[in-house]
Amino acid sequence: MPKDSGIGASSKRREDVRFLTGTGQYTDDINIHGQTYVYFLRSDVAHGKINNIDTSAAAAMPGVVRIFTGADFEGIGSIPCGWQVTDRHGEPMQEPAHPVLAQGKVRHVGDPIAAVVAESLEQARDAAEAIDLDIEELPAVVDMKAALSDGATKVHDDLSSNLCYDWGFVEENKGAVDEAIKNAAHVTTLELVNNRLVANPMEPRVAVGDYNRANDESTLFTTSQNPHVIRLLMGAFVLGIPEHKLRVVAPDVGGGFGTKIFHYAEEAFCTFAARQINRPVKWTASRSEAFMSDAHGRDHVTKIELALDADNNFTAVRTETYANMGAYLSTFAPSVPTWLHGTLMAGNYKTPLIYVNVKAVFTNTVPVDAYRGAGRPEATYQLERVIDKAARELGVDPIALRRQNFITEFPYATPVAVEYDTGNYPATMDKLEEIADLSGFDARRKASEAKGKLRGLGVNCYIEACGIAPSNLVGQLGARAGLYDAATVRVNATGTISVMVGAHSHGQGHETAFPQVVAEMLGIDENMIDIVHGDSSKIPFGMGTYGSRSIAVCGSAMVRATEKIINKAKKIASHLLEASEADIELKDGQFSVAGTDKSVAWGDVTLAAYVPHNYPLEDIEPGLEETAFYDPSNFTYPSGAYACEVEVDPETGKVTIERFAAADDFGNVINPMIVTGQVHGGIGQGIGQALLENCAYDENGQLLSASYMDYAMPRASDVPFYTVDHSCQTPCTHNPLGVKGCGEAGAIGSPPSVVNAVVDALQSGGHNVTHIDMPVSPSRVWAAMNNA
Amino acid sequence: MYNFDFEKPSTIADAVAALATEDAQALGGGQTLLPTMKQRLASPSKIVSLSGISEMQGVCKGDDGSVCIGGATTHATVAASASEYPALAALASNIGDPAVRNRGTIGGSLANNDPAACYPSAALASGATIVTNARQIAADDYFQGMFTTALNEGEIITEVRFPVPEAANYQKFEQPASRFAMVGVFVAKYADGVRVAVTGASEEGVFRWTEAEAALSADFSAHALEGLSVSGEGMINDLHGSGEYRAHLVKVLTKRAVAAC
Ligand SMILES: Cc1cc2nc3c(=O)[nH]c(=O)nc-3n(C[C@H](O)[C@H](O)[C@H](O)COP(=O)(O)OP(=O)(O)OC[C@H]3O[C@@H](n4cnc5c(N)ncnc54)[C@H](O)[C@@H]3O)c2cc1C
């Protein structure tokens, strides 16, 4: 019987009422008396020297309040990078300065040069056109390998080259891996591109800076996934505003997908400028600005080699990846191709020897950082593609080859430094074979062929790591922040509860799922509980939402705080019931004395806490409010198996997704409906990457896909009805809920099965095509069919 | 957007007069013009909306049996009302999305002559007549390359007359991002021969594939196209596909259009 409330119930998403009826409060809905508007004049060349900026004519234009340039930010901090990677030789990465407004040079199309603050946005734009810019265009570096060649133009003149770092992992294993590959019975090699993506949340980025001169307080309203992280980075490193004078609010946020994790120049600008002019300053990105200023995702160029012995056991994996950093280091950029990618290269398999090399490169392009999955999709894609290619080369069934190499004993320490706590990869594969009806594939292929179409089946597995932690370990790996989270459970006198959480919901459904946990623990109605998030002045210092961490990390903090509430409430109840605390039981919102019919209700206890007339004041304090900080002891490791069936039109090369099935293991599931929705969305984005999305630059660093005219987003008609299942559950062993996280799995697990399916379809039509880079667009498929 | 004056006349004569102002521009559905203005890439001094002119609205049947469409008629109206010419109605029903179809107009589309737009292929394949406030222009003379037409400054398309073919079909292969035609082929079979017009593919904008017309006029079957090929030379080569790919699609889509007739 499905439950109708508490953990495991598909409670309806209560936040959707406001989202779907137009009553959400997004950052752009915030308008403050006396507000001004800023327009950023951005570079239209990829690389150039700023000889002169003359703002005198512009400053005299109607409505202009003030014009800022890089000169106004001398002495102000650089936009910080939150992760320092150490290279193969033990040296720290090269870390360039990242000014709020360009100083001396522009380094990508979209780099902000000047900011015009005016009474209206149109006036600000008018004035921006009157700024007299003298920029000398310099040669741009776009291609990563070219950027590393001798004599290449340098993106940053003060760095020794365009190499950010050359990372080897695990460096000590390199010799053994080389040796294993040399001695292997078979080696499959694949070179591939993990295409650059633009996240494109429905809501573009917005920032409103406000300053209260009376108490010297600054407030930033911003489209962020983690307001406390922004407060720390911007306050401490850029603007030097102490935390108690800086409030950061991320109200309703219309999608993030990673790109709203980072601290951006526009946020610092609005906060800074509001103090300078003593008026609120608002910036709302246009979609065009989003394309050239939101951190992009992926953009890896990889060579992977998989070695197998004569019995088809995986013996070694070696990879070499070039990872594009763009022109500056975005907040968590260096960690994505390293600690979020290299550590996942074991996948679901017991490959004993692995070596990962990553060269991170500066180019004259928009900075690249975490995008849904962040590093794990790149790891999964190359591994699951090379396994498929190996199966084809060896003439064995790709599913059987995977099964043969599955890790089956847990905990399992991988050769890439992580320990998987639980999992059951054969079980998810069994479930996939069932729900995807793989036994019916041959008949479906025949039906497609009868229509003149080629049909292909692609299967893959994935493993991911969520809830990045523990803090002391990630600190050793270069993180410049902690990765715990926090929750305060505030019980009100009448028994209703506000839970203040460090996680931030921007589509995930926390406002529904989090109360389900507390309701379950206390045995009370979910509707008595509300979640408060997104405002640094209301919530404890938490780290926000990304990396599928919210329920695993912040949810665990909430459980710990609720346990403290229960302990204290039991003390109060024992006093009211004149019984021993050890005999008090809490069930269905009633405290009772074991073995008796004596009980008090939840509401009686909470009222006693705040009206402590009959209360053990000598033993405990009044009130019922507890905070917990939770720092996990390990990552969680969701895993799964995905299957995609495609049809290819052999005349045009057009690929359509006919079926898609996903069998995931997320450990325990709080709200199955929300989890299903997260998987649907993730698969949609994965299909988008595999078939459609492509952020492209020309050789001069001009963004070719700068609008929806050329950047193809997936639409409803591009995806099939999905079959998803998350009944295989191996609960996480080290967090109190046994949860693993589900937000990114779909985007991680789906691209390889799509491409595997396309290759399978083409092979079935007699085309000797072994790989096509994403996006697998009609023209690329056609070219592959006709050149192979 | 820069500031501009706005007029909404109710007759063609008033519209022509209003457009006499320097840098004045006609406004159809605004689906192309308004985004351009918002991006500050166009700065007309005055916008003259044609949507209030009733004589430029709607679909009717001409004395010679042709389908006559008012220059300010929306794609949605054509889709719903041009039942005498089903291939044309089908083309209109697949332009953009409902919002675009409810605003965008045939006059705006033909005046703009986007190399990836759908209507130019129908007009050219049908040998349509573009009627303006000043004259009648044969489709063969009207299209003069990407975004270029025979229209003079201030000239308004008031009506488009389509002779109704015996059979016709439009095949559109969508560009994955914009969903305009990456290649679109309109085939129309008349008593005196077959016309084939191709949009989306060429750097010169919409064009007639005369070899295919000759072959199909002799034998109206997909088979008749077998020996023909289109060169990738002069075809659009961009992020979404090479010139060779577009040339290949021209033939595939022409065959499909003939087969669907
Ligand atoms: C999201 C989107 C998707 C689209 N998809 C497609 C598609 O798949 N296929 C396709 O063909 N098109 C597509 N379009 C374009 C659409 O059909 C436009 O409606 C059309 O290009 C312009 O028509 P309009 O009436 O909006 O003209 P406007 O934007 O108002 O004007 C365009 C130009 O024509 C001039 N003009 C307007 N009316 C007249 C007239 N009667 N006489 C003389 N000059 C005139 C204007 O001065 C201006 O220069 C799409 C547009 C959008 C926004």
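Quick one: net charge of A:Ala757's neighbours, Cβ under 10 Å, K/R +1, D/E -1?
For residues surrounding A:Ala757, the net value is -3.
Phi angles of segment B:203-208 translate, via the Karplus equation with coefficients 6.51, -1.76, 1.60 and θ = phi - 60°, into HN-Hα couplings of 5, 9, x, 4, 8, 9 Hz per residue; Gly and Pro are given as x.
Shape analysis of segment A:609-705 yields a ratio of the Cα radius of gyration to the Kirkwood radius, Rg/Rh, of 1.32. Computed with a 1.4 Å probe over protein heavy atoms only, the accessible surface of chain A comes to 35 Å² per residue.
Across segment A:484-630, C-alpha contacts under 8 Å between residues 6 or more apart give a mean separation that, scaled by the residue count, equals a relative contact order of 33 percent.
Within the accessible surface of chain A, defined with a 1.4 Å probe on protein heavy atoms only, the carbon and sulfur portion equals 50 percent.
Reachable aspartates and glutamates from A:Lys12, Cα under 17 Å, same-chain residues fewer than 8 places away excluded? Excluding near neighbours in sequence, the set is A:Asp4, A:Glu511, A:Glu520, A:Asp525, A:Glu526, A:Asp530.
Using the alpha-carbon positions of the protein assembly as shown, Rg (one decimal) and Dmax (whole number) come out as 31.6, 106 Å.
Candidate cross-link partners of A:Lys282 among the lysines, defined by an alpha-carbon separation under 21 Å and a same-chain spacing of 8 or more, comprise A:Lys245, A:Lys260, B:Lys38. Partners of A:Lys350 within straight-line reach, counting lysines whose Cα lies under 27 Å from its Cα and excluding those fewer than 8 residues away in the same chain: A:Lys174, A:Lys182, A:Lys303, A:Lys359, A:Lys389, A:Lys431, A:Lys740. Across segment A:316-437 the C-alpha pair distances fall into 5 Å bins from zero in the proportions 2, 10, 17, 20, 19, 13, 9, 6, 3, 0 percent. Once the partner protein chains are put back, segment B:13-49 shows a loss of at least 30 square angstrom of accessible area, versus the chain by itself, at B:Arg40 (probe 1.4 Å, ligands and nucleic acids excluded).
Give the interface area between chains A and B as buried accessible surface, both sides summed, probe 1.4 Å, in Å² to the nearest 100. In total, this chain pair buries about 1900 Å². Taking every Cα-Cα distance in segment A:484-630 and sorting them into 10 Å bins starting at zero, the pair-distance distribution P(r) comes out as 13, 42, 30, 14, 3 percent. For segment B:4-150, the Cβ-based charge dipole about the Cα centre amounts to some 400 debye (Lys, Arg positive; Asp, Glu negative; other atoms uncharged).
May I ask you to derive the relative contact order of chain B, considering only C-alpha pairs under 8 Å and at least 6 residues apart, and to give it as an integer percent? With pairs under 8 Å counted, the relative contact order is 15 percent.
Under a model in which nothing but the beta-carbon of Lys, Arg (+1) and Asp, Glu (-1) is charged, segment A:484-630 shows a dipole of about 380 debye around its Cα centre.
Taking all protein chains in place and a 1.4 Å probe, what share, in percent, of the accessible surface of segment B:167-260 do carbon and sulfur account for? Mind showing how you got there, number by number?
Working: 1640 of 3520 Å².
That fraction is 47 percent.
Which residues of segment A:688-727 bury at least 50 Å² of accessible area once all protein chains are present, versus their chain alone (1.4 Å probe)? The answer is A:Met709, A:Asp710, A:Arg715. Dipole magnitude for the protein assembly as shown: about 720 debye, using +1 per Lys or Arg Cβ and -1 per Asp or Glu Cβ, origin at the Cα centre.
Between the residues A:Thr770, A:Thr496, A:Val366, the greatest Cα displacement towards the positive end of the dipole of chain A, with unit charges on the Cβ of Lys, Arg, Asp and Glu, is found for A:Thr770. Set the Cα radius of gyration of chain B against 2.2 N^0.38 Å, with N its number of residues, and you get 0.99. At q = 0.14 Å⁻¹ the log10 of I(q)/I(0) for segment B:113-193 amounts to -0.51, computed by Debye summation with a single uniform scatterer per C-alpha, solvent ignored. Peptide A:167-177 has a mean of 0 when you count, residue by residue, the C-beta atoms of other protein chains within 10 Å of its C-beta. Shielding by partners for peptide A:766-778, expressed as the average number of C-beta atoms from other protein chains within 10 Å of each residue's C-beta, is 1.
A simple count of charges around B:Asp97, restricted to other residues whose Cβ falls under 11 Å of its Cβ and scoring Lys, Arg +1 and Asp, Glu -1, yields +4.
Rounded to the nearest 500 deg cm²/dmol, what is the calculated helix-only ellipticity per residue at 222 nm for chain B, with -39500 (n - 2.57) per DSSP H run of length n ≥ 4? Present the calculation step by step, with values, prior to reporting the outcome.
Numbers: 10 runs with 79 residues, N = 261.
That comes out to -8000 deg cm²/dmol.
Across segment A:178-279 the C-alpha pair distances fall into 5 Å bins from zero in the proportions 2, 12, 20, 17, 11, 7, 5, 4, 5, 5, 5, 3, 2, 1, 0, 0 percent. Rolling a 1.4 Å probe across the protein heavy atoms gives chain B an accessible surface of 41 Å² per residue.
Do the sum for chain A: with -39,500 (n - 2.57) for every DSSP H run of n ≥ 4, divided by all residues, what is the mean residue ellipticity at 222 nm, to the nearest 500 deg cm²/dmol?
Calculated mean residue ellipticity at 222 nm is -7500 deg cm²/dmol.
Work out the charge dipole of chain A with +1 on the Cβ of Lys and Arg and -1 on the Cβ of Asp and Glu about the Cα centre, then indicate which of A:Val675, A:Val249, A:Met785 is farthest towards its positive end. The one lying farthest along the dipole's positive direction is A:Met785.
Residue by residue along A:781-787, Cβ atoms of other protein chains within 10 Å of the local Cβ number 2 on average.
Calculated translational diffusion coefficient of segment B:167-260 (25 °C, 0.890 mPa s; Stokes-Einstein with Kirkwood radius over alpha-carbon pairs) equals 188 µm²/s. Each Cα pair under 8 Å and six or more residues apart adds its sequence gap; the mean of these over the residue count of chain A is a relative contact order of 15 percent.
The values are calculated or read from the model by the stated rules, or taken from the named source; none is laboratory data. Quantities reported herein were computed from a predicted structural model and do not represent experimental measurements. Cβ sites come from the backbone with ideal geometry, for glycine too, and all protein chains shown count toward neighbours. These accessible areas exclude ligands, DNA and RNA; they are computed on the full protein's heavy atoms, side chains included. Shrake-Rupley method; radii C 1.70, N 1.55, O 1.52, S 1.80 Å.
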